[in-house]
Amino acid sequence: MTRTARAGGAGARSQTITEVRDRTAPPLGVGESAVRPDAPLKVLGRFAFASDLYLDGMLWGATVRSPHPRARILSIDVSEALKIRGVATVLTAADVPGENLYGIKKADQPVLADREVRYAGEAVAVAAADHPETARRAVEAVRVEYEVLTPLTDPEQALAGGGGPIHPGGNVARRVRIRHGDVGSVRPQAEVVVEGEYRSGVQDPAFLGPEAGLAVPDGSGGVDLYVASQWIHDDRRQIAAGLGLDPSMVRLTLSGVGGAFGGREDLSVHIHACMLALRMGRPVKMSYNREESFFGHVHRHPSRSRIELGAKRTGELVYTKVRLILDGGAYTSTSQIVIANACYFAAGAYRVDNVEIDGYAVYTNNPPRGAMRGFGAVQACYAIESAMDRLAGALGMDPVELRIVNAIEEGSILPTGQAVDGPAPVRELLEHLRDLPLPPDEPDGSGGPGRAPDLRRLPGGVGNTTRGENVVRGVGYALGMKAIGFSGGVDDYSTARVSLSIVGGAPLVEVYSAAAECGQGIVAVQAQIPRTELGVDTVVVRPADTLIGDAGSSAASRQTWMTGGAVQAACGRVRTELLERAAVRLGRPPEDLALAGGAVCERVSGEPAVTLAELLGGETVEAVFEYHHRPTEPIDDVNGQGDAHIAFAYAAHRAVVDVDTDLGLVRVVELAAAQDVGKAMNPQAVEGQIEGGTAQGLGLALLEEVQIVDGHVRNPSFTDYLIPTILDTPPMNIEIFEFPHPDSPYGLNGVGEPPTLSSTPAIVNALRDATGLELPGVPVRSADLVSRAGSNGADQAPRGRRT
Amino acid sequence: MLVELTVNGRRRTAENVWAGESLLYVLRERLGLRGSKNACEQGECGSCSVYMDGGLVCACLVSAGQAHGAEVVTVEGLAEGGRLHPIQQAYVVEGAVQCGFCTPGLIIATHQLLSENPDPSDDEIREALAGNLCRCTGYEKIIDAVRLAALEMSVI
Ligand code: FES
Ligand code: FES
């Protein structure tokens, strides 16, 4: 049932080396670590990311952005900009050809601001010129006269109705109310009650590849856009509306995507580049620099949660009460869904019969927030896992034990009334982590008496801030749970076409879908499935574009399930046709035949009966399949009840940290993760998802926060917004569990998001264990770790073992 | 201005270079070598790492004029005879490539590390690659790739 994913020891290493040398080794099918087909081009520097695109004669676009978080636009004067040599055009709201509003869930964001700006960084005009620097100078030369207004930046004020409406319908984007059982009446039964407030900051997806695209007019009023995206079909819907064109006149091709993590669900350069290209009749490229990128995509919602837990002395939860507020910023993006998702999982992966959850997403004049890996469940997990450690402290109980006592299992009823109908191996994940040996103590980093300390193994590293004095160690655990796929009644589907033909005497399979490869490895999975289903080694995955049907977004940890399901089913149709043809030719029933090694074989003996080349000659067998997951329903507005989800996925972490209590510096010593993935379609890629997600969780715990003061972003650069480096990221000990999911292709479950949930609270729980501090907010800053007499009167002695 | 330099063993000339352009811009937009990436253009991410006159530099921090007359090696210059360099092969095999935007810079930085220290410890690998950000992998497989490359190159 379980597999140890981390190869360890010399044996494993030499096996890998054999793989390198053995160039005759077959390409690999489902469940094996097939090399991703785009990797060779990527290591050679020949893979075309969106920012690498070019065409002779293209222009470069640039964006004028508002310096004010809230203001009326009185006038825009582009005349000086147009005088600059090399500037082709400058466009404003008046030039937007179609609907000047767009959005994934609700069209409320102007393509270019018209009369009013609602956040600092909002696009007001776009320019095109023959050199990127000329385009930037044009941007600087555009004169916009603003009447500056007082921004509304406090989400509580927004909720209370203060600050004036940012949108006509008021400042609450969505309220979610979940009522299950009866908290009021069971309250007296709780023997121990803890209350706490937890906050999380604004995290930036910080994908490395900048937002970029190349728009090419087709000469008949339409446009082709090559762009980095998570969901090209939804992009097209929004772009066509903005351009006032029929969707068939807007064609998108997915370009190389340099990471996404939710930040490429909303549009960035898309409509702007197309507008400029159509206006000038020339190709236009746009590519943000890092600073603009901080304004060009949505961030993770900052959150404030109040949690009250009531429990028996045994640790058994009696009730859970949560109030949670997310600041959605100036436009809706996906805020209504993010708040729902936060509320679904606000009570954690625990059995509790009495639950009250109230969640709010509000509008403010902060930059817009939307999708980011984990999608609301990250904030919810941080809060509930912090509260669980607080409860463990109040009960004097081991934090892992408390979690195991309350762990959900198959059949448990969630706060939304839905029964968990797939495997829920929460206890197994926790027990695995609990039983893992701890990393050895390294009091001074030296690994032995009498040797100089290795500073790299101490908090502060080669900064030489400590030689081991006043360093305490802590251990923390956390558990995360999230739904997989689109929830709440959305008809979620993906489309794939699989064709098999004979090229140069050998069978070749071509797979075609619009699934966005953002780095996660869907291209590898799409190649693996036909190898397994059709017994053909050579598989080509075509570039994703909008000439085939929708694949849905590379989001919600859904793409391998949904597009994998479509590819598997399309392969099934191709196989049926091949076997039927072979049956006629061989005079055998198709049930006696199978596909393997590029031939039709006897099912029982495996003997080849006819090769695919002989069977097909010059013909192609092709099938298209649209895969839908089972229907779901929205939760109701009154009590938040409903079967909203198709599946749940779980991950848990154990973090070990060392803290320099004099300076508040932290070294994460080790992060261990355990996750159930149903079926590891490509074990190496699954490990990569868990490792990458874990590191992003570390970033939120310790480093990453977009600092916003009065609506202004103060740190839009990698100099001031810190993402984890290889020195910040510890060795990871990863265990992958495979409990097959009953409803999915191959029994797989979604993988990408769960590790991002539990990593953050595990680290903060370890810091709490080391220092005895309450640490209500993330990221935890050095000052939080040294101010003993700080907030909440948490003037306690460190509890961690002094090393 | 005119910038002449040697890139991956070939003499190249870029004309009409504006004084504010970086070596990275010249490589990418004037010479068509887009393997070196532009994740920050502020010297913080290492995605633009190249060799200049034998030393590792962030091409985004070198002005085009400074690169005049220089000898530059980019990620496009490592593979020989149509075969991946062992470092490139190791990144592929170990799954150290996800989105791949960090990859060219990391491969150059790994090349520099292994040419100075053919058998680095994990701590030495971390120290050497600390200037290269990767958002996707959590770095575990990058360390695996460096270890594998070191082993492969010591066997050759
Ligand atoms: S692009 Fe040069 S260091 Fe980031
Ligand atoms: S693989 Fe995406 S940034 Fe490293």
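Only the coordinates and a few stated rules stand behind these numbers; no lab work does. Because the structure is a prediction, the values reported are computed rather than measured. Please note: Cβ atoms are built from the backbone with ideal geometry, for glycine as well, and neighbour counts cover all protein chains shown.
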- Query: What's the FRET efficiency of A:A394 with A:H628 using the Cβ-Cβ distance as r and R₀ = 45 Å, to the nearest 0.05?
  - Reply: 0.45
- Query: Counting only Cα, what are the radius of gyration and maximum Cα-Cα distance Dmax of region A:151-239, in Å?
  - Reply: 23.3, 74
- Message: Quick check on region A:493-628: what are the equivalent-ellipsoid semi-axes from the Cα gyration tensor, as sqrt(5λ), descending, whole Å?
- Response: 28, 14, 12
- Query: Using θ = phi - 60° and the Karplus curve 6.51 cos²θ - 1.76 cosθ + 1.60, what whole-Hz ³J(HN,Hα) does each residue of region A:704-710 get, with Gly and Pro shown as x?
  - Reply: 9, 7, 6, 8, 10, 10, 6
- Task: Choose one of B:L106, A:I646, A:L278: the residue whose Cα lies farthest towards the positive end of the charge dipole of the protein assembly as shown (beta-carbon charges +1 Lys, Arg; -1 Asp, Glu; about the Cα centre).
- Result: A:L278
- Item | Within chain A, helix-based [θ] at 222 nm, where runs of 4 or more DSSP H residues each add -39,500 (n - 2.57), nearest 500 | -8000 deg cm²/dmol
- Task: Quick one: which residues, 5 or more positions from A:A596 or on another chain, have an amide H under 5 Å from its amide H? H modelled 1.01 Å from N in the peptide plane, none for Pro or chain starts.
- Result: A:C601
- Note on the structure: For peptide A:682-692, the mean count of other chain Cβ atoms within 10 Å per residue Cβ is 5
- Short version: ³J(HN,Hα) in whole Hz for each residue of region A:189-200, in order, from phi by Karplus 6.51 cos²θ - 1.76 cosθ + 1.60 (θ = phi - 60°), x for Gly and Pro, what are they? 6, 6, 8, 9, 10, 10, 10, x, 10, 10, 10, 10
- Would you please give the residues with an amide H less than 5 Å from that of A:G488, counting only those at least 5 places away or on a separate chain, with H modeled from the backbone geometry? A:E633, A:H645
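For A:N470 and B:D122, FRET efficiency with R0 = 25 Å and r from the beta-carbon atoms, rounded to 0.05?
Here the calculated transfer efficiency is 0.45.
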- GluC sites (Glu not before Pro) in region A:569-672 lying in a DSSP loop, each with at most 16 other Cβ atoms within 10 Å of its Cβ, come to A:E619
- Message: Just to confirm the filter: which trypsin sites (Lys or Arg not before Pro) across region A:85-122 are DSSP coil and have at most 12 other Cβ within 10 angstrom of their Cβ?
- Response: A:R85, A:R115
- Query: Which far-off residues, 5 or more places away or on another chain, put their amide H under 5 Å from the one on A:A71, with H placed in the peptide plane?
  - Reply: A:V117, A:L149
- Query: Considering only DSSP beta bridges with both partners in region A:493-628, what is the antiparallel share in %, to the nearest 5?
  - Reply: 90 percent
- chain B, Rg to Rh (Cα coordinates; Rh as Kirkwood inverse mean 1/r): 0.98
- Candidate cut points under GluC sites (Glu not before Pro) in region A:406-511, DSSP loop plus at most 15 other Cβ atoms within 10 Å of their own Cβ, are A:E409, A:E410, A:E469
- Message: If you take every DSSP beta bridge fully contained in the protein assembly as shown, what fraction is antiparallel? Give it as a percent rounded to 5.
- Response: 80 percent
- Message: Please list, in order along region A:99-111, the HN-Hα scalar couplings obtained from phi with the Karplus expression 6.51 cos²θ - 1.76 cosθ + 1.60 (θ = phi - 60°), rounded to whole Hz, x for Gly and Pro.
- Response: 5, 8, 9, 9, x, 5, 9, 8, 7, 10, 10, x, 4
- Dmax and Rg, reported as Rg then Dmax, of chain A (C-alpha, Å): 27.4, 86
- Greater than 26 Å apart at Cα, pairs in A:K42/A:K106; A:K321/A:K679; A:K106/A:K679; A:K83/A:K285: A:K42/A:K106; A:K321/A:K679; A:K106/A:K679
- Message: For peptide A:769-780, what's the mean number of Cβ atoms from other chains within 10 Å of each residue's Cβ?
- Response: 0
- Mind checking the mean number of beta-carbon atoms from other chains within 10 Å of the Cβ atoms in A:721-732? 6
- Within region A:473-505: backbone nitrogen closer than 19 Å to the A:D637 label point (7 Å, Cα to C-beta): A:488-490
- Query: In chain A, which helices (entire DSSP H runs) extend 15 Å or more along their own long axis, judged by Cα positions, while averaging at least 0.5 on the Kyte-Doolittle scale?
  - Reply: A:270-280, A:377-395, A:522-534
- Message: Please give me the summed charge of the neighbours of B:G69: other residues whose Cβ is under 12 Å from its Cβ, Lys and Arg +1, Asp and Glu -1.
- Response: -1
- Message: Only four residue types carry charge here, +1 at the Cβ of Lys and Arg and -1 at the Cβ of Asp and Glu. Report the dipole size of the protein assembly as shown about the Cα centre in Debye, rounded to the nearest 20.
- Response: 620 debye
- At a Förster distance of 51 Å, what's the computed FRET efficiency of A:D421 paired with A:S79, Cβ-Cβ distance as r, to 0.05? 0.20
- Note on the structure: Output row, site B:T13, 7 Å Cα→C-beta label point, backbone N cut-off 16 Å, window region B:62-85, residues B:68-70
- Note on the structure: For region B:86-155, the dipole about the Cα centre with charges only on Cβ (Lys and Arg +1, Asp and Glu -1), to the nearest 20 debye, works out at 320 debye
